[in-house]
Amino acid sequence: MENSNAMKTLEQLAQERILVLDGAMGTMIQKLGLTEEDFHPKGMEDHKILLKGNNELLSLSRPDAIRTIHEQYLAAGADIVETNTFSATSIAQAEHECSHLAREINLESVRLAKEACAKYTAMDPSKPRFVAGAIGPMNKTASLSPDVNDPGFRGVTFDQLVVAYREQVEALLDAGADILLVETIFDTLNAKAAFYAIDEVFEERNTRVPLMCSVTITDASGRTLSGQTIEAFLISMQHVPLFSMGLNCALGAAQMRPYLEVIAEQSPCRVSIYPNAGLPDQMGEYRETPEVTARLVGEFMANGWVNVVGGCCGTTPEHIAALAAEAKRHAPRPIVAPVASTHGVDR
């Protein structure tokens with residue numbers, strides 16, 4: 001199977017230094033104060049369902065806003081920017097009756113991110129920038145029942161997840177994403193469906209791009225929402241040939257520390273972390289300063305635990321700039337175990 005040029009270049013850079021991912025998209029969009037009309041693409045002015053908050057639609061209706069956010073993170077020092085596609089699947093878009101736009105959203109989101117990356121790579125060719133196609137966890141879970149009175153019920157099947165993820169993956173690759181990032185994983189079965197879909201597409205196209213995987217520990221129990229510990233999750237993902245494995249969302253860097261340490265000790269691939277800007281306050285605001293985030297994540301870098309750092313909810317270009325400056329002071333985590341095997345993903 002062929003490797004893309006992005007794989008080779010990204011691999012080389014990852015050996016040399018800690019890579020920097022971008023920060024939050026959702027909370028940056030919230031700060032723009034957009035109105036309902038901003039979320040309506042052309043031809044959908046009279047859509048019968050309110051669309052405000054469906055941030056992925058902004059790639060169609062307000063591409064200028066999304067491109068600007070990408071550029072702010074690139075100016076701050078990000079090596080990798082995520083596409084505005086976290087919920088850009090037919091399943092996730094169904095609640096807004098926008099499933100028919102899933103492919104177009106993915107195509108346009110990659111285009112916007114690639115334009116921004118091309119601009120900043122041209123400004124400094126020694127610092128190439130990369131586009132990570134963001135693949136979110138879906139708004140339906142294959143492991144848990146949404147009905148407390150019927151624990152055996154499921155709102156979605158594995159096969160339905162695969163179909164929706166496959167559509168997204170095909171669009172992300174068609175548009176030229178350099179990386180695929182399956183992130184904010186709270187249900188391992190959903191993640192397995194995503195990687196199964198990815199593997200199917202890779203096999204059919206005889207091509208491959210780097211794969212990043214990021215799990216979410218939801219609370220102090222140290223488990224995912226579907227009940228797995230970090231150790232169990234790592235075992236569940238052993239069959240996937242990953243560029244990196246890590247943590248994001250739900251917690252701030254301070255709360256992530258024990259779980260990150262486990263990944264750093266046991267992961268056969270590179271390790272990523274992009275925490276929230278602390279825990280939200282009573283008003284739902286994230287108030288951890290860039291300096292505090294950089295200090296906390298800087299401790300992880302100094303311990304030799306990480307290869308990729310960035311930010312999730314509440315982080316800003318200022319947080320990413322502080323992380324990028326701190327990353328220059330540390331070496332990346334060495335890979336001491338064999339890389340995961342490259343055989344296909346089984347159901």
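Keeping to the range 51-77, report how many residues are at negative phi and in contact (Cβ under 8 Å) with a residue 40 or more places away in the chain.
Result for the range 51-77: 17.
Taking the range 151-177, which residues are assigned to a loop (DSSP other than H, G, I, E, B) and crowded, with 24+ Cβ neighbours inside 10 Å?
Answer for the range 151-177, where residues must be assigned to a loop (DSSP other than H, G, I, E, B) and crowded, with 24+ Cβ neighbours inside 10 Å: just Ala177.
Among the residues of the range 204-221 satisfying the criterion of being of a type in the set (D, E, K, R) and at pLDDT 95 or above, which is surrounded by the most Cβ atoms within 10 Å (Cβ to Cβ)?
That would be Arg208.
With respect to Leu279, determine if the residue is at pLDDT below 95 and either farther than 19 Å from Gly136 by Cβ or buried (at least 21 other Cβ atoms within 10 Å of the Cβ) (or both).
Yes; evaluated as a whole, the condition is true for this residue.
Out of the residues in the range 117-137 meeting the condition of being out of contact with any Cys (no Cβ under 7 Å at 6 or more places or on another chain) and among the charged types (D, E, K, R), tell me which one is surrounded by the fewest Cβ atoms within 10 Å (Cβ to Cβ).
Asp124
Cβ-Cβ below 8 Å, separation at least six or inter-chain, first residue in the range 274-290 and farther than 9 Å from Cys313 by Cβ, second acidic (Asp, Glu): which pairs?
Gly278/Glu288; Arg287/Asp281; Pro290/Glu318
Test Val201 against the criterion of being over 15 Å from the mean Cα position of the chain (by Cα), at pLDDT 95 or above and β-branched (Val, Ile, Thr), and give yes or no.
Yes, satisfied.
Do we find a residue being in a loop (DSSP other than H, G, I, E, B), modelled with pLDDT under 95 and in contact with a helix residue (DSSP H, G or I) (Cβ under 8 Å, 6 or more places away or on another chain) anywhere in the range 293-306?
Looking for residues that are in a loop (DSSP other than H, G, I, E, B), modelled with pLDDT under 95 and in contact with a helix residue (DSSP H, G or I) (Cβ under 8 Å, 6 or more places away or on another chain), one finds none in the range 293-306, hence no.
The values are calculated or read from the model by the stated rules, or taken from the named source; none is laboratory data. Everything numeric here is computed off the predicted structure, so don't read it as measured data. Using ideal geometry, Cβ is built from the backbone for each residue, glycine included, and neighbour counts are taken over all protein chains shown.
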